[in-house]
Amino acid sequence: MDLQLPDTSGVLHNYTLTGTPIPHAVLTPKSTRTIYSAAHVVANPFDDYDPMGPANVDWDKTMEYRRYLAAMGIGIAEAMDTAQRGMGLEWAGALELIRRTKEELPDALITNGCGTDHLNPEATYGMEQVRAAYLEQVEAVQKVGGRIILMASGSLNKAASGAEDYFAVYRDVLSSCDEPVILHWLGEMFDPSLTGYWGSDDFDEALETVVCIIESNAARIDGIKISLLDAQKEIALRRRLPRNVKLYTGDDFNYPELIEGDDEGHSHALLGIFDPLAPAAAFAVSKLSEGNTEAFRATLNPTVPLARHIFRSPTRYYKTGVVFLAWLNGFQDHFTMLRGAQSARSLPYFVDCFKMADQCGILRDPDGAIKRMRNLLSVYGV
């Protein structure tokens, strides 16, 4: 199986596919790691939508993808930034997504993004307004029976004058949650409005603040997801956590070594890259649960170049690569995204995505992927 792919000068070169699709596996509650995929949404290309209005979601295809993830025993981190939350999916659409997923998969492992994104990101709010915004979303998510990921808030970051303000808001919001939540430490490479979150630009100072918040509210916290793309920072936090609080890696660059862990502990996972890499995640963790570390490494390590490519700077546009691979793999019939976000990356980016996905066994139907890639090339005049 081969096709002609252009280089960065537009010159065509023959590429022969060499990858073998990853074997199917299903995780169980006895698996040694808890794995969540931050799942994308599928746009409806036939909806004549207003770019500044409600998201044009294809609900049927979006739910179909969640059934696919759940069938592998992979948890769903719903309505997160992978679903273009705040970059196409507004709060009303996020809540509808949370409601539908809960109804569609009542017994699946699901947790849901809860934040303050219904506030105007350009405006400045007082602390009481930010607290009220968090509480509004907590109430709405819990009303439909959803568990919560307490997302980092740019509005809180703008309003807070120091660590004390984070202590106060998180204390009050956590006290309103019915079940233990997952906290969310998202770096500025994903969202520039979160620069200096927890009240400091210094990692060690921010670490002390978040550890103190967790220790003071440990009974209300299931875990914390950290997405700083720095393995040593994640390990530093992991070693400070109370025994009952999990570390969920959000490091889309270093996830294999962090999930495998060391003599002092390991990370679980809540990753955007585990949307396209779901089969690899399920198979690798199933092998790790069997004690087969070599098979775990042999499956996940080859996926890292693809992950680093998808999440390259500007990192916040990684969703484009995620949806591109969903399209190549036949989970949607078109390569369009909410508010036309598919235009955020270049043709060379997609060409390299295609090659790397093949090489690590992520293309589940290579013949179908070739046909779709040829269709994309024709749009670019190739």
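Okay, here's what the table says:
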{"quantity": "Translational diffusion of the range 314-382, µm² s⁻¹ [Kirkwood Rh, Cα pairs; Stokes-Einstein; 37 °C; 0.692 mPa s]", "calculated": "270 µm²/s"}
{"quantity": "Volume per residue that the Cα convex hull of the range 1-150 spans, once the total is divided by residue count, Å³", "calculated": "195 Å³"}
{"quantity": "For the chain, share of DSSP beta bridges that run antiparallel, in % to the nearest 5", "calculated": "20 percent"}
{"quantity": "The range 152-217: proportion of alpha-carbon pairs further apart than 15 angstrom, %", "calculated": "50 percent"}
{"quantity": "Segments 124-130, 96-102, 320-326, 188-194 sorted - mean Cβ within 10 Å per residue, highest first", "calculated": "320-326, 96-102, 188-194, 124-130"}
{"quantity": "In sequence order, calculated HN-Hα J values of the range 47-53 (Karplus, 6.51, -1.76, 1.60; Hz; x Gly/Pro)", "calculated": "7, 7, 9, 8, x, 9, x"}
{"quantity": "Fraction in percent of alpha-carbon pairs per bin - 10 Å, the chain", "calculated": "5, 24, 34, 25, 10, 2, 0"}
{"quantity": "Alpha carbon Rg of the range 42-131, scaled by the compact-globule rule 2.2 N^0.38 Å", "calculated": "1.19"}
{"quantity": "Relative contact order for the chain, counting Cα pairs under 8 Å that sit 6 or more residues apart, in percent", "calculated": "20 percent"}
{"quantity": "Separation of the GLU128 and GLU294 label points, Cα + 7 Å toward Cβ, nm", "calculated": "6.5 nm"}
{"quantity": "In Hz, Karplus ³J(HN,Hα) per residue of the range 39-46 (6.51, -1.76, 1.60; θ = phi - 60°; x = Gly, Pro)", "calculated": "8, 7, 10, 9, 6, 9, x, 9"}
{"quantity": "Calculated FRET efficiency for the pair ASN244/ASN120, C-beta based, R₀ 56 Å, to 0.05", "calculated": "0.90"}
{"quantity": "For the range 94-247: span of alpha carbons on each principal axis (Å, largest first)", "calculated": "42, 38, 27"}
{"quantity": "Antiparallel content of DSSP bridges confined to the range 1-80, in %, to 5", "calculated": "65 percent"}
{"quantity": "Amide H contacts under 5 Å for ARG147, placed H, 5+ residues apart", "calculated": "ASN112"}
{"quantity": "Sorted peptide list for 300-306, 114-120, 261-267, criterion being average Cβ within 10 angstrom, highest first", "calculated": "114-120, 300-306, 261-267"}
{"quantity": "Nonlocal amide H pairs with GLU90, under 5 Å, H built at 1.01 Å", "calculated": "ALA55"}
{"quantity": "Euclidean distance of C-alpha centroids, the range 238-272 and the range 158-178, integer Å", "calculated": "24 Å"}
{"quantity": "Alpha carbon centroid spacing (whole Å) that separates the range 14-47 from the range 189-220", "calculated": "30 Å"}
{"quantity": "Share of carbon and sulfur in the accessible heavy-atom surface of the range 118-269 [1.4 Å probe, %]", "calculated": "44 percent"}
{"quantity": "Residues with amide H under 5 Å from that of SER267, placed H, sequence gap 5 or more", "calculated": "ILE259, GLY261"}
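The values are calculated or read from the model by the stated rules, or taken from the named source; none is laboratory data. These numbers were taken from a predicted model, which means no experiment stands behind them. Neighbour counts run over all protein chains shown; Cβ positions are idealised from the backbone, glycine included. The area values use the complete protein model at the heavy-atom level, side chains included, leaving out ligands, DNA and RNA. Shrake-Rupley method; radii C 1.70, N 1.55, O 1.52, S 1.80 Å.
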